[in-house]
Every structure is written in structure tokens, then in C-alpha cells.
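Report on the following structure.
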Amino acid sequence: MKSSPHRPSIELLFKRGLGSAEIARRLQISSSTVRNVVAAIKKRGDASEVKKSGRPRSVNTRNTRAIIKKRIIRNDGLSLNRMASQLGIARSTVQSIVKNDLKLKSYKLRRGQYLSDKSKAMRLEKCRKLLQHFQVRRVSDVIWTDEKIFTIEPLPNRQNQRQLLSKDDSMSPKRRLAHNRLFPKSVMVWTGITATGKTPLVFIERNVKINSEVYQKIVLMDNLLPWVTQHFAGGPFILQQDWAPSHGSRSTLAVLEAHFPGFLDKNLWPASSPDLNPMDFSVWGMLEGKIAGKVFATVDDLKAALEVAWASIDDGYLRRTVNS
């Protein structure tokens, strides 16, 4: 029991016949403190504090540290709560051993594209070809392109979206609910960047299937070709795209050969390579960050916000991102 400076007063009032509740009211202290002192009086005859002898026993022993170390070696993703429960010790003890004795730190798992051994070999071969290709061509001439779906209800950040409440209110109506509709309205966005500029945003509605015909007309001919003609003014450029079925069909390849010569074909561009495309590893994240936390009433409101965010991305950012 934690030592209380009110022990003498509690003992005096108790021996005068006052109950615990009345003592707590008079001394303006918690009832639990009074009850603990009264219990000690009834047990020992007075309210004096019993001094503990010797050094407190610690469960942070060589044997415990060895057990925890072996378990982490077997499974470095093991929950500290589960380990503490299995060993019958406090989580704080496990945490202290992991941090101070074993010198380990908790890291979030990194996200990455899964690659089979065959995919790794093909990726390595194509990357070598890319290096050779860009010994005579400039990376700054590449138009990096990609598509992404945006919804009117962005997913909340469960880690950072929090609410400060008292313990009593934790289950009350004050507790807000972060929710998403089952199938929120959305729009597919296609766009691209170079080191010196960015293409328009192309919105493709949810009910439109992006087949070869749609990709060729709406993306390549109606939007990309006019932009390329104006931006590069007859100068060289290189189109990069992933190889979705609509991007690699025979009819699409014919359009690419006629209007976008020098594109990075399947023999050059490695599959499953979001780490090589600035749209994947940087630009989409930048665009999402600019509209983060907002819920849009309609798809048109979402489009308008994306247009504003896209216009705010400057050429300095594009240059640094492509150079990276």
C-alpha cells in the first residue's frame, strides 16, 4: 500500500468511532485510502506503515532475457503483449529487456512488390537494358504515366486520427466513429509527368471499362498527344507506361508506333516496378496528401479538389522527383 501522510488522522478518527466514508469526507481524501488504512488498523492494531525488507525482487534475470531473446530470434514479429502473457510477467518488463538489454527497436514493416525468382531475373536483365538505353537518351525526356482510383471518402488514418476523451466518456455517444461506405463513389485518374511539366488529369468514370479503345482515344489521342505536341514542340520524348492489357494490345501498339515512337516497350520496362516510376513512389502520395482528411459530397467535388492540388505541384518538385 502506498504511504499516506493522513495515516495518523485516519487512525484518530477511526478510533473515535467514525466510519470510512465520514473520515474521507472530513479529510477530503479518497475513500480507498481510508479503507486501506482502516484495514491495516484492524489487522495490526495501528496505522503504522510496515517497512519492506531487502531489495525488491526483479524478474529481469539472465534466464528471462535468454528466453525472450530466443523467442525473438524464432519470430521477430512476436507481440510483446503476448510474450509477457506467456511468461507471466509485466509487459513493461519485456519492453525494458527488449529495449535496454537486447538493444532492439520496433519498426513498421516496409511495403514492397513481391517478386518471384523468375521475376527478379527478368527485372535485372531489363534494368541493365534500361541503363544502356539511358546512356544515349535522357531520363528528363521520359513521360512517366500511371492510373489511380480516388474515392469521395478517403480511408482514414487509423494511427493518427484520434480523439481525446475522459475514461468515463470512452463508451459514450461522444465517441466518434470513423466510417466508410461499402462502395464509395470513385473516379479513375490517369496522368503523367516529366522533369519539366505535367500532363492534364484525365478522369475516367467508374462505369467506363478501360479497354484498348478507351485508352487509345481518351488517354492517348484526346489528351496526351495534344499535350506532347505543345510541350515538346517537336523535340524528342519517351513514353513510359505499365503493360496492362489495354496498353499492350496490338491496336494500342500500332497507335504508339505511329504517334509516340521511342516508347519504353516490354523488352525495356520491367514488370512489377513501382519503385522505378516517380508516379508510384512519389507523385500519387503527394497528390493524396494534398486532399487528405477531406470527405467530398460528390465526384465532381473530388475532381475539383484534385485539379487544384495538381495545379499546385511545381516544376521544382517534378525535377527533383524525376532526378531521384
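The values are calculated or read from the model by the stated rules, or taken from the named source; none is laboratory data. For clarity, every value in this text was computed on a predicted model and none was experimentally measured. Don't worry about glycine lacking a Cβ; one is built from the backbone with ideal geometry, like all the others, and counts go over all protein chains shown. These accessible areas exclude ligands, DNA and RNA; they are computed on the full protein's heavy atoms, side chains included. Shrake-Rupley method; radii C 1.70, N 1.55, O 1.52, S 1.80 Å.
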How large are Rg and Dmax for segment 80-131 when calculated on the C-alpha trace, in angstrom?
20.4, 57
17 Å Cα-Cα reach of Lys126 towards aspartates and glutamates, excluding residues that sit fewer than 8 places from it in its own chain:
Asp117, Asp242, Asp265, Asp275
List the chymotrypsin sites (Phe, Trp or Tyr not before Pro) within segment 243-308 that DSSP assigns to loop and that have no more than 14 neighbouring Cβ atoms inside 10 Å.
Trp243
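Please state the equivalent ellipsoid semi-axes for segment 266-311: what are the square roots of 5 times the Cα gyration tensor eigenvalues, largest first, in whole Å?
Values: eigenvalues 163, 24, 17 Å².
Over the Cα atoms of segment 266-311, the ellipsoid semi-axes are 29, 11, 9 Å.
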Hey, any idea what % of the chain's accessible area is carbon plus sulfur with a 1.4 Å probe?
52 percent
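So what's Rg/Rh here for segment 227-274, counting alpha carbon atoms and using the Kirkwood radius for Rh?
A ratio of 0.99.
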If you split all Cα-Cα distances of the chain into 20 Å bins from zero, what percentages do you get per bin, shortest first?
20, 34, 24, 15, 7, 0
Ser172 versus Gln28: modelled label distance in nm, points set 7 Å from Cα along the beta carbon direction
2.5 nm
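Sort 196-202, 128-134, 229-235 for me by packing, meaning the mean count of neighbouring Cβ atoms within 10 Å per residue, highest on top. Could you put the intermediate results ahead of the total?
On the way: 196-202: 17.1, 128-134: 13.0, 229-235: 10.3.
The peptides rank, most packed first, as 196-202, 128-134, 229-235.
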Rounded to one decimal in nm, the spacing of the 7 Å Cα→Cβ label points at Asp275 and Arg44 is 6.4 nm
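Counting only C-alpha contacts under 8 Å and six or more residues apart, can you give the relative contact order of the chain as a whole percent? Write out the running numbers ahead of the final one.
On the way: 289 pairs, mean separation 57.0, N = 324.
It comes to 18 percent, rounded to a whole number.
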Could you give the nm distance between label points at Glu153 and Ser85, where each point is 7 Å from its Cα heading toward the beta carbon?
3.1 nm
Determine the per residue accessible area of the chain with all protein chains present and a 1.4 angstrom probe, expressed in square angstrom.
67 Å²
Would you mind checking segment 299-324 for residues with the amide N under 11 Å from a putative spin-label position 7 Å along Cα→C-beta of Met286?
310-324
Rg(Cα) / (2.2 N^0.38 Å) computed for segment 183-324, rounded to two decimals:
1.08
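Full extension from Ser106 to Ser324: what is 0.36 nm times the residue separation minus their Cα-Cα distance, to one decimal in nm?
Values: separation 218, 0.36 × 218 = 78.48 nm, distance 2.82 nm.
Length gained between Ser106 and Ser324: 75.7 nm.
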